[in-house]
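The values are calculated or read from the model by the stated rules, or taken from the named source; none is laboratory data. It should be emphasised that the depicted structure is a prediction, and the values quoted were computed from it without experimental measurement. Cβ placement follows ideal geometry from the backbone for every residue including glycine, while neighbour counts extend to all protein chains displayed.
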Amino acid sequence: MCVTCGCGQTPATLLAPGDDDAHSHAQQSGHRHDDSCSHGHSHGHQHRTEERTDTNLLAALGRDARTIEIEMAVLSKNQALAERNRGWFAGRGVFAMNLMGGPGSGKTTLLERSISELRGEVPISVVEADQATAFDALRIRAAGASAIQVNTGAGCHLDAQMLAAAVERLQPQAGSVLIIENVGNLVCPALFDLGEAARLVIFSVTDGVDKPLKYPHMFRAADVLLISKIDLLPHLRIELPQMIDNALKINPKLLVFALSAENGQGMQSWCGWLRERWQVARNAA
């Protein structure tokens, strides 16, 4: 069992193009990055060691002192691997984003539309994570981006080692964008730094206005909030300003995009932000 969140700790499986469930490749133990870019680089990226690895956060989730000690050891190991991932990305000018959200929030649909909007301009590759199947990776490849599927089995989140193994197979090109679509879950992914440069949380207007208040740790850990499916607002008794206000009560620093991947509302602003962050990362390498 995963001592941090209680999910089953079965080995993750990587499904590359041409793989299937019967002939998949087991996850390897981690990167084999060259030392010149894994450590010791001088790039000005920020190290993400905030509340997600804080004893107070774990205590708030109801853990006792002994459990907290074990969990902190797990998170400390993950943090070291995440920093290595971060150095690898920064050294190659790769802008890596961790996209988190519940099942059905519109993560994959947003990625499909974003890939289409930025095709020919911003090179994008995707790590897709689900407990089973390669459905989402197939959708991303059909949209025109390279993708690798990570099946976590009973696991409810990606960790830094799983991402390292996926990146070693995927090999995102230098000066590109890497989008990590985490397992559909609004709880456990908030605890695990993967080495990303930005953390995004997405929820849809159909999820209700109270999602940020029900899952505060996820929204507190995020940099960007994406509110999806706003094309459905005319059919719902939902107030968008209230959704945004509830999120900002939890995290006043959130950058908020309200959008629809179906009709394109808000996509220009979202893609503009993504384009800008990609250019900064590429130029910094």
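The figures follow:
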{"item": "Criterion (over 21 Å from Ala165 (Cβ atoms) and free of Cβ contacts under 8 Å to residues at least 24 places away in the same chain) met by exactly one of Gly120, Gly102", "result": "Gly120"}
{"item": "Of all residues in the stretch 175-191 being out of contact with any strand residue (DSSP E or B) (no Cβ under 9 Å at 6 or more places or on another chain) and crowded, with 22+ Cβ neighbours inside 10 Å, the one that is nearest to Gly91 (Cα to Cα)", "result": "Leu191"}
{"item": "Selection within the stretch 110-121 - over 17 Å from Leu225 (Cβ atoms) and either among the aromatic types (Phe, Trp, Tyr) or part of a helix (DSSP H, G or I) (or both)", "result": "Glu112, Arg113, Ile115, Ser116, Glu117, Leu118"}
{"item": "Tabulated pairs, the stretch 132-154, first on the phi > 0 side of the Ramachandran plot, second surrounded by fewer than 24 Cβ atoms within 10 Å (Cβ to Cβ) and modelled with pLDDT under 95, C-beta under 6 angstrom, 6+ apart or interchain", "result": "Gly153/Thr10"}
{"item": "Filter result (of a type in the set (S, T, N, Q) and on the phi > 0 side of the Ramachandran plot) within the stretch 167-184", "result": "Gln171"}
{"item": "Test result for Gln265, farther than 24 Å from Phe192 by Cβ, in a loop (DSSP other than H, G, I, E, B) and not aromatic (Phe, Trp, Tyr)", "result": "yes"}
{"item": "Filter result (under 14 Å from Leu186 (Cα atoms) and over 13 Å from the mean Cα position of the chain (by Cα)) within the stretch 209-218", "result": "Asp210, Lys211, Pro212, Leu213, Lys214, Tyr215, Pro216, His217"}
{"item": "Any chance Leu75 is more than 16 Å from the chain's Cα centre (by Cα), farther than 20 Å from Ser260 by Cα and outside any loop (DSSP other than H, G, I, E, B)", "result": "yes"}
{"item": "Residue tally, condition assigned to a helix (DSSP H, G or I), hydrophobic (A, V, I, L, M, F, W, C) and surrounded by fewer than 23 Cβ atoms within 10 Å (Cβ to Cβ), over the stretch 122-160", "result": "4"}
{"item": "Residues that are within 20 Å of Lys77 (Cβ to Cβ) and touching a strand residue (DSSP E or B) at 6+ places or on another chain (Cβ under 6 Å), drawn from the stretch 163-174", "result": "Ala166"}
{"item": "Options Asn263, Asn246: the member that is in contact with a Pro (Cβ under 7 Å, 6 or more places away or on another chain) and either among the small types (Gly, Ala, Ser) or modelled with pLDDT of 95 or more (or both)", "result": "Asn246"}
{"item": "Test for Phe219: is it touching a Gly at 6+ places or on another chain (Cβ under 8 Å), of a type in the set (Phe, Trp, Tyr) and at pLDDT 95 or above", "result": "no"}
{"item": "Residue in the stretch 105-118 that is of a type in the set (A, V, I, L, M), surrounded by fewer than 20 Cβ atoms within 10 Å (Cβ to Cβ), at pLDDT 95 or above and touching a Leu at 6+ places or on another chain (Cβ under 9 Å) present", "result": "yes"}
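Yes/no matrix, rows are residues, columns are (1) buried (at least 18 other Cβ atoms within 10 Å of the Cβ); (2) in a loop (DSSP other than H, G, I, E, B):
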{"residue": "Arg220", "(1), (2)": "yes, no"}
{"residue": "Ile227", "(1), (2)": "yes, no"}
{"residue": "Arg237", "(1), (2)": "no, yes"}
{"residue": "Ile244", "(1), (2)": "no, no"}
{"residue": "Pro252", "(1), (2)": "no, yes"}
{"residue": "Ala261", "(1), (2)": "yes, yes"}
{"residue": "Trp270", "(1), (2)": "yes, no"}
{"residue": "Leu274", "(1), (2)": "yes, no"}
{"residue": "Arg282", "(1), (2)": "yes, no"}
